[in-house]
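Have a look at the structure below before the remarks.
The values are calculated or read from the model by the stated rules, or taken from the named source; none is laboratory data. The shown structure was predicted, so the numbers you read here are calculated from the model rather than taken from an experiment. Glycine gets a Cβ as well: all are built from the backbone with ideal geometry, and neighbour counts include every protein chain shown. These accessible areas exclude ligands, DNA and RNA; they are computed on the full protein's heavy atoms, side chains included. Shrake-Rupley method; radii C 1.70, N 1.55, O 1.52, S 1.80 Å.
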Amino acid sequence: MLFWIFLVGGLAARYAAGRRTLGGGLLLCVPLIDVVLLGATVLSIRDGAGPTVWHGLSAAYLGITVVYGHRTVRWADAKFARRFGGSTAPPRPRLHGRAAVVDAWKSWFRFPLAYAISVGMIFGLVALVGTLDKGAPLLVWLNPLTKVLVYSLIWPIATTIWPGKAPEPEPATENG
């Protein structure tokens, strides 16, 4: 939640309020939120709190934000720049054929990285707890993370099978 509060707050300050320095400072806090969350999770468990599903969620969340956070900030910044900063939208590439297949697989390979980070953090917390039995509430997150990993394969596989065709060229008009 804090990720989105600092992201929207930073972008609103930067573009809507015209306070670029304040906006930049708030946006710099976005990755620090991940560090604070990790520290709070580790300290909570190390100080004797029983591991909960929420500790597991923080590990899953951290893996995803490490991989997708910067990309999300860039996307949101571009949206705010167009809406409040007068920037124009770049033309959207129309991917087809090999380019579409490469793009789909490049996009998919980001998630196994996020998955590996999340799972590594979950098992790190389990090691901190001491046993798999005690760490069971943390391991609950392996199921949804694995399902997303498997289900997300549908898009690149479908794109590989049906990569799309090049768009029809615009008919030439005569200026007579």
Tell me, what ³J(HN,Hα) does each residue in region 135-141 have, in order and in whole Hz, if you take phi through Karplus 6.51 cos²θ - 1.76 cosθ + 1.60 with θ = phi - 60° and put x for Gly and Pro?
x, 3, x, 6, 5, 4, 6
Probe of 1.4 angstrom, ligands and nucleic acids ignored: what's the accessible area per residue over region 1-121, in square angstrom?
62
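I need the fraction of alpha carbon pairs in region 40-144 separated by more than 20 Å, rounded to a whole percent. Kindly include the intermediate steps, with their values, before the conclusion.
Working: 3031 of 5460 pairs.
Every Cα pair in region 40-144 considered, those over 20 Å come to 56 percent.
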Stretch in the chain that is longest and holds no trypsin sites (Lys or Arg not before Pro) that DSSP places in a loop and that have at most 11 other beta carbons within 10 Å
1-93
Compute the semi-axes of the equivalent ellipsoid of region 89-176, taking the square root of 5 times each eigenvalue of the Cα gyration tensor, and list them largest first in whole Å.
46, 13, 9
With label points set 7 Å from each Cα along the Cα-to-Cβ direction at Leu132 and Ala89, the distance between them in nm comes to 5.0
If I build a Gaussian network model for the chain, linking alpha-carbon pairs within less than 10 angstrom, which residue out of Leu128, Leu27, Leu11 has the largest mean-square fluctuation?
Leu128
How far apart, in nanometres, would the label points at Trp75 and Cys29 be if each is projected 7 angstrom from Cα along the Cα-to-Cβ direction?
2.3
Taking Cα atoms only, helix 142-151 is inclined relative to the longest principal axis of the chain by an angle, in degrees rounded to 10, of 20
At q = 0.08, 0.09, 0.16 Å⁻¹, what is the base-10 log of I(q)/I(0) for the chain according to the Debye formula with one equal point scatterer per Cα and no solvent? Please give it to two decimals.
-0.39, -0.48, -1.05
How large is ³J(HN,Hα), in whole Hz, for each residue of region 46-53 in order, when computed from phi with the Karplus curve 6.51 cos²θ - 1.76 cosθ + 1.60 and θ = phi - 60°, using x for Gly and Pro?
5, 7, x, 5, x, x, 10, 4
Give me the percent of accessible area attributable to carbon and sulfur for region 1-95, probe 1.4 angstrom.
67
Subtracting the Cα-Cα distance of Thr21 and Ile157 from 0.36 nm times their residue separation yields 44.6 nm
In a GNM of the chain with a 10 Å cut-off on Cα contacts, which of Thr88, Thr159, Thr65 has the highest mean-square fluctuation?
Thr88
Once both labels are modelled 7 Å past Cα along the beta-carbon direction, what's the Leu2-Asp103 spacing in nm?
3.6
HN-Hα J couplings of region 8-21 from phi, Karplus 6.51/-1.76/1.60, θ = phi - 60°, integer Hz, Gly and Pro as x?
5, x, x, 5, 5, 5, 5, 9, 6, 9, x, 9, 4, 5
